[in-house]
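The values are calculated or read from the model by the stated rules, or taken from the named source; none is laboratory data. These numbers were taken from a predicted model, which means no experiment stands behind them. Please note: Cβ atoms are built from the backbone with ideal geometry, for glycine as well, and neighbour counts cover all protein chains shown. Protein only, heavy atoms only, side chains kept; ligands, DNA and RNA dropped before computing areas. Shrake-Rupley method; radii C 1.70, N 1.55, O 1.52, S 1.80 Å.
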Amino acid sequence: MARKDGDGSWRFLGLLPLFDPPREDSAQTITAGQRMGIDIKMVTGDHLAIAKQVSTLLHLGQNIVPAEALSTDVRTAQTQAEQADGFAQVFPEHKFAIVKALQARNHIVGMTGDGVNDAPALKQADVGIAVSGATDAARAAADLVLTAPGLTVIVDAVEEARRIFARMNSYAIYRIAETIRVLLFMSLSILVFNFYPVTAVMIVMIALLNDFPIMMIAYDNAPTAPQPVRWDMTRVLIISILLGVLGVVASFSLFWIAETYLHLPVGVIRTLIFLKLLVAGHLTIFLTRNTGAIWQRPWPSWSFFNVTIATKVIGTFAAVYGWLIPPIGWGYALLVWAYALVWFLINSGAKIIAYRALDAYRKSSTR
């Protein structure tokens with residue numbers, strides 16, 4: 001601050017400091033994101049000294065690179081973008097280049113911004129996020145527009161996204177395993193034994209009763225991965241094939257027991273197989289919820305658990321009392337339930353061993 005004296009000369013009065021601190025919840029939000037495996041970088045047009053001060057307040061680190069220090073060499077710039085804690089004195093073209101450099105290293109990049117100068121980077125990012133109060137240009141370029149102040153909602157969104165991914169992964173494993181379990185068993189029964197294991201009515205009933213637990217997967221309690229996740233289709237297929245093949249073995253074993261030892265009529269055998277496919281199939285959903293034992297948390301939601309059990313009970317009553325299918329009575333129905341539960345424990349142990357083997361192989365291959 002200065003004042004002009006009567007003789008026309010300026011007289012220094014003092015300094016007026018300006019302080020634009022981060023939001024109170026910013027440091028906590030950044031820490032939460034870092035615990036989830038998200039690498040957070042600050043990109044600002046402010047001076048390097050200001051950027052380092054703000055970075056200290058947010059616990060982001062002091063490796064702040066000024067824009068003029070960015071290399072013109074593509075590979076070097078990519079390395080700088082990965083290793084830096086933040087960037088200072090940047091212009092719109094620098095923000096755009098930083099996003100592209102990180103994407104070139106196979107990173108999924110999210111970018112937040114509020115001004116016109118952020119629009120190019122927001123458009124280029126995998127997820128462009130316009131914060132509350134952003135300009136129309138930033139909103140138009142972004143994929144997401146935040147209406148509430150702060151960035152806490154981003155961490156909440158990441159947590160929910162990882163729960164959704166866990167549900168999708170569970171559904172994919174279950175659907176592939178169930179397809180193998182039913183179609184492979186039916187095909188081999190017809191081709192090898194010239195025996196139709198289930199009737200058309202039974203197939204329709206299985207399909208209808210399967211739909212309800214599948215829909216309730218969306219309301220199940222799902223684990224939140226501590227680190228970023230990606231689709232691993234090799235892992236999904238291995239677990240699905242394992243569970244599917246074990247299901248086929250269990251179905252043929254039941255068919256062999258019913259025909260060879262119990263000497264049951266064809267209609268009753270078909271109803272036994274129908275009930276086994278239904279009960280064992282729905283129990284498989286509980287196996288696909290996690291990679292460990294079935295009692296590990298998070299436990300199933302009540303809505304998911306109740307609907308899954310209810311459909312099995314309906315199928316059991318249909319088999320016992322012969323709703324559109326030959327009846328088998330409570331004795332054979334309870335036998336099928338016990339048989340399915342035994343194989344459920346066998347499948348659970350096989351799943352755990354398979355996941356551990358896959359994890360061990362992954363660790364050995366990354367060394």
Out of everything in segment 120-139 that is small (Gly, Ala, Ser) and open to solvent by 20 Å² or more (accessible area, probe 1.4 Å), what residue ends up being farthest from Ile40 (Cα to Cα)? Ala137
In segment 285-299, residues that are more than 16 Å from Ile353 (Cα to Cα) and modelled with pLDDT of 85 or more total 3
Failed condition for Asp46, given (1) within 28 Å of Ala161 (Cα to Cα); (2) assigned to a loop (DSSP other than H, G, I, E, B); (3) in contact with a strand residue (DSSP E or B) (Cβ under 7 Å, 6 or more places away or on another chain); (4) not aromatic (Phe, Trp, Tyr): (1)
Taking the condition basic (Lys, Arg) and touching a residue at least 12 places away in the same chain (Cβ under 8 Å), does Arg230 pass? no
Being in contact with a Ser or Thr (Cβ under 8 Å, 6 or more places away or on another chain), under 16 Å from Met111 (Cα atoms) and among the hydrophobic types (A, V, I, L, M, F, W, C) is the requirement here; does Ile180 meet it? no
Every listed condition ((1) within 30 Å of Val245 (Cβ to Cβ); (2) over 21 Å from the mean Cα position of the chain (by Cα); (3) open to solvent by less than 70 Å² (accessible area, probe 1.4 Å)) holds for Ala142 save (1)
Within segment 199-236, the count of residues that are touching a helix residue (DSSP H, G or I) at 6+ places or on another chain (Cβ under 7 Å) and either surrounded by fewer than 14 Cβ atoms within 10 Å (Cβ to Cβ) or farther than 30 Å from Val320 by Cα (or both) comes to 9
Among (1) open to solvent by less than 40 Å² (accessible area, probe 1.4 Å); (2) more than 21 Å from Ala258 (Cα to Cα), which single condition is Ala319 missing? (2)
Taking the options Ile64, Ile40, name whichever one is surrounded by 17 or more Cβ atoms within 10 Å (Cβ to Cβ) and under 32 Å from the mean Cα position of the chain (by Cα). Ile40
Tell me, which helices (runs of 4 or more DSSP H) wholly within segment 144-226 include 3 or more residues that are β-branched (Val, Ile, Thr)? 152-179, 200-216
Just wondering, is there one or more residues in segment 237-247 that are open to solvent by 60 Å² or more (accessible area, probe 1.4 Å), over 34 Å from the mean Cα position of the chain (by Cα) and not small (Gly, Ala, Ser)? no
